[in-house]
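Below is one structure, written out as structure tokens; the observations come after it.
The values are calculated or read from the model by the stated rules, or taken from the named source; none is laboratory data. Quantities reported herein were computed from a predicted structural model and do not represent experimental measurements. Cβ sites come from the backbone with ideal geometry, for glycine too, and all protein chains shown count toward neighbours.
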Amino acid sequence: MIIKINGRTFDAAEVASRSSQVTARAASLADSKGRDAAGLFLCEGVKLVAEAARSGAAKEIYIKRGAEGALAGADGEAVAEAVRAGAALYVLSEPAFEKVTTERAPQGICCAAAMAPFARAGFFGGSDRVIMLENVRDPGNIGTVMRTAAAFGFAGVVFAGDCADPYNTKAVRGAMGAHFRLALAREKDAAEAVRTFARAGRRVLAAMPAEGALTLGADEILPSDVVVIGNEGHGLSPETVAACTGGLRIPMAAVAESLNAAVAAAVVMWEQSKGGLTTGEIYIRM
């Protein structure tokens with residue numbers, strides 16, 4: 001069928017059935033096994049689909065019948081350019097689209113975007129700002145950390161131990177396009193990842209109120225320092241703490257026991273980025 005995106009005319013494949021191959025493939029991206037098998041992840045909503053399109057990651061675009069009018073302006077142009085460059089375009093019936101989307105109030109557009117291969121901790125150069133998470137299980141926290149890292153000019157995030165999947169739909173929603181601006185690294189052994197950074201001459205700080213820990217805002221925290229944020233309930237593992245160069249505490253009122261992992265990461269990244277922020281958009285080409 002013929003549809004218009006931002007004033008341009010395109011030929012789209014029409015998908016009516018909830019059980020079609022296209023629908024099943026798109027719906028499978030809500031599950032980690034489906035994502036790993038396809039090498040794709042699901043982006044939902046106009047803004048995220050446009051971000052995927054701008055980065056070159058959008059491979060298949062799914063529009064609910066009648067919803068193409070939402071693609072206007074710069075975002076609509078980005079999606080139109082992606083289709084012109086070869087992204088497959090599908091128009092789904094309402095029942096078919098409902099099977100694909102994970103949103104409670106969907107905007108009527110999704111896409112399957114290419115997952116970039118995970119890097120290793122040694123991928124980052126000595127001047128790259130990096131934050132590391134250990135065993136952070138909440139995908140919402142994962143997405144918030146990624147969004148904040150991208151906003152504060154960090155090069156990437158290291159997911160160590162048993163972290164939630166950063167391509168989980170909740171994490172993708174929270175990251176708001178940060179997947180296309182950051183290098184993502186995965187390390188099974190957090191302590192070994194710490195040692196990798198230390199061998200490169202970088203100071204690695206465990207975010208915890210340990211004796212002798214530096215105090216954020218009072219002691220100098222360098223852009224090259226790697227701060228490790230621990231699990232929401234249990235903090236950092238003893239092995240990881242032992243491998244770190246030192247500790248870092250965030251001063252707070254005596255009545256507060258701790259901060260949410262994503263909030264703690266945001267406070268640390270803001271302190272590290274002060275004076276070094278620039279404006280403009282940067283994309284990692286997928």
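In region 73-93, what residues are hydrophobic (A, V, I, L, M, F, W, C) and in a strand (DSSP E or B)? Quick ask: steps written out before the conclusion?
To start, the set of residues in region 73-93 that are hydrophobic (A, V, I, L, M, F, W, C) comprises 74, 78-80, 82-83, 85, 87-89, 91-92.
Answer for region 73-93, where residues must be hydrophobic (A, V, I, L, M, F, W, C) and in a strand (DSSP E or B): 88, 89, 91, 92.
Among residues belonging to region 98-134 that are part of a loop (DSSP other than H, G, I, E, B) and of a type in the set (Val, Ile, Thr), point out the one that is farthest from residue 144 (Cα to Cα).
Initial filter on region 98-134 (part of a loop (DSSP other than H, G, I, E, B)): 101-108, 115-118, 120, 124-129.
So of that shortlist, the ones also of a type in the set (Val, Ile, Thr) come out as 101-102.
Working: 101: 21, 102: 18 Å.
Of everything passing the filter in region 98-134, 101 is farthest from residue 144 (Cα to Cα).
Can you tell me which residue in region 157-182 is nearest to residue 43 (Cα to Cα), limited to those that are in a helix (DSSP H, G or I) and not β-branched (Val, Ile, Thr)?
Restricting attention to region 157-182, the residues satisfying the condition of being in a helix (DSSP H, G or I) are 169-175, 178-180.
Within this subset, residues satisfying the condition of being not β-branched (Val, Ile, Thr) are 170-171, 173-175, 178-180.
Values: 170: 10, 171: 10, 173: 8, 174: 11, 175: 11, 178: 12, 179: 10, 180: 11 Å.
Out of the qualifying residues, it is 173.
For region 191-212, enumerate the residues that are aliphatic (A, V, I, L, M), farther than 26 Å from residue 139 by Cα and modelled with pLDDT under 95. Let's see the steps before the verdict.
If we filter region 191-212 for residues that are aliphatic (A, V, I, L, M), which is where we start, we get 191, 193-194, 198, 200, 204-208, 210.
If we keep only those that are farther than 26 Å from residue 139 by Cα as well, we get 198, 200, 210.
The answer is 210, and nothing else.
Given 187, 211, which one is among the acidic types (Asp, Glu) and either surrounded by fewer than 22 Cβ atoms within 10 Å (Cβ to Cβ) or out of contact with any strand residue (DSSP E or B) (no Cβ under 7 Å at 6 or more places or on another chain) (or both)?
Details: 187 fails: either surrounded by fewer than 22 Cβ atoms within 10 Å (Cβ to Cβ) or out of contact with any strand residue (DSSP E or B) (no Cβ under 7 Å at 6 or more places or on another chain) (or both).
Testing whether each residue is among the acidic types (Asp, Glu) and either surrounded by fewer than 22 Cβ atoms within 10 Å (Cβ to Cβ) or out of contact with any strand residue (DSSP E or B) (no Cβ under 7 Å at 6 or more places or on another chain) (or both) leaves just 211.
Would you check which residues across region 23-72 are among the polar types (S, T, N, Q) and either in a loop (DSSP other than H, G, I, E, B) or surrounded by 21 or more Cβ atoms within 10 Å (Cβ to Cβ) (or both) and list them?
Taking region 23-72 first, the residues among the polar types (S, T, N, Q) are 23, 28, 32, 55.
Selection gives 23, 55.
May I ask you to verify whether residue 104 is modelled with pLDDT under 95, among the charged types (D, E, K, R) and more than 11 Å from residue 56 (Cα to Cα)?
yes
Applying the selection to region 149-190, what residues are under 10 Å from the mean Cα position of the chain (by Cα), β-branched (Val, Ile, Thr) and closer than 19 Å to residue 223 by Cα?
157
Search region 264-280 for residues that are modelled with pLDDT of 95 or more and pair each with any residue that is assigned to a helix (DSSP H, G or I) and small (Gly, Ala, Ser) when their beta-carbon atoms are under 7 Å apart and the residues are at least 6 apart or on different chains.
Final answer for the pair search is 269/149.
What is the residue count in region 231-241 for residues that are in contact with a helix residue (DSSP H, G or I) (Cβ under 7 Å, 6 or more places away or on another chain) and either within 16 Å of residue 210 (Cα to Cα) or at pLDDT 95 or above (or both)? If you could, list the steps in order and put the result at the bottom.
First, the residues of region 231-241 that are in contact with a helix residue (DSSP H, G or I) (Cβ under 7 Å, 6 or more places away or on another chain): 232, 237, 239-240.
Now drop any that are not either within 16 Å of residue 210 (Cα to Cα) or at pLDDT 95 or above (or both), which leaves 237, 239-240.
Summing the residues that are in contact with a helix residue (DSSP H, G or I) (Cβ under 7 Å, 6 or more places away or on another chain) and either within 16 Å of residue 210 (Cα to Cα) or at pLDDT 95 or above (or both) in region 231-241 gives 3.
Does region 251-262 contain at least one residue that is in contact with a helix residue (DSSP H, G or I) (Cβ under 6 Å, 6 or more places away or on another chain), modelled with pLDDT of 90 or more and surrounded by 10 or more Cβ atoms within 10 Å (Cβ to Cβ)? Even if it seems obvious, please write down each step before you answer.
Of all residues in region 251-262, those in contact with a helix residue (DSSP H, G or I) (Cβ under 6 Å, 6 or more places away or on another chain) come to 261-262.
With the extra rule that they be modelled with pLDDT of 90 or more, the set shrinks to 261-262.
From the residues that got through so far, the ones that are surrounded by 10 or more Cβ atoms within 10 Å (Cβ to Cβ) too are 261-262.
Within region 251-262 (the criterion being in contact with a helix residue (DSSP H, G or I) (Cβ under 6 Å, 6 or more places away or on another chain), modelled with pLDDT of 90 or more and surrounded by 10 or more Cβ atoms within 10 Å (Cβ to Cβ)), the answer is yes, since at least one residue qualifies.
Restricted to region 73-106, and to residues that are in contact with a Ser or Thr (Cβ under 9 Å, 6 or more places away or on another chain) and not aromatic (Phe, Trp, Tyr), which residue is surrounded by the most Cβ atoms within 10 Å (Cβ to Cβ)?
92
Just checking, how many residues over region 195-208 are among the hydrophobic types (A, V, I, L, M, F, W, C), crowded, with 17+ Cβ neighbours inside 10 Å and in a loop (DSSP other than H, G, I, E, B)?
First, the residues of region 195-208 that are among the hydrophobic types (A, V, I, L, M, F, W, C): 197-198, 200, 204-208.
Keeping just the survivors that are crowded, with 17+ Cβ neighbours inside 10 Å gives 197, 204-208.
Adding the requirement that they be in a loop (DSSP other than H, G, I, E, B) leaves 208.
Number satisfying all stated conditions: 1.
Before we move on, is residue 116 buried (at least 20 other Cβ atoms within 10 Å of the Cβ) and of a type in the set (Gly, Ala, Ser)?
no
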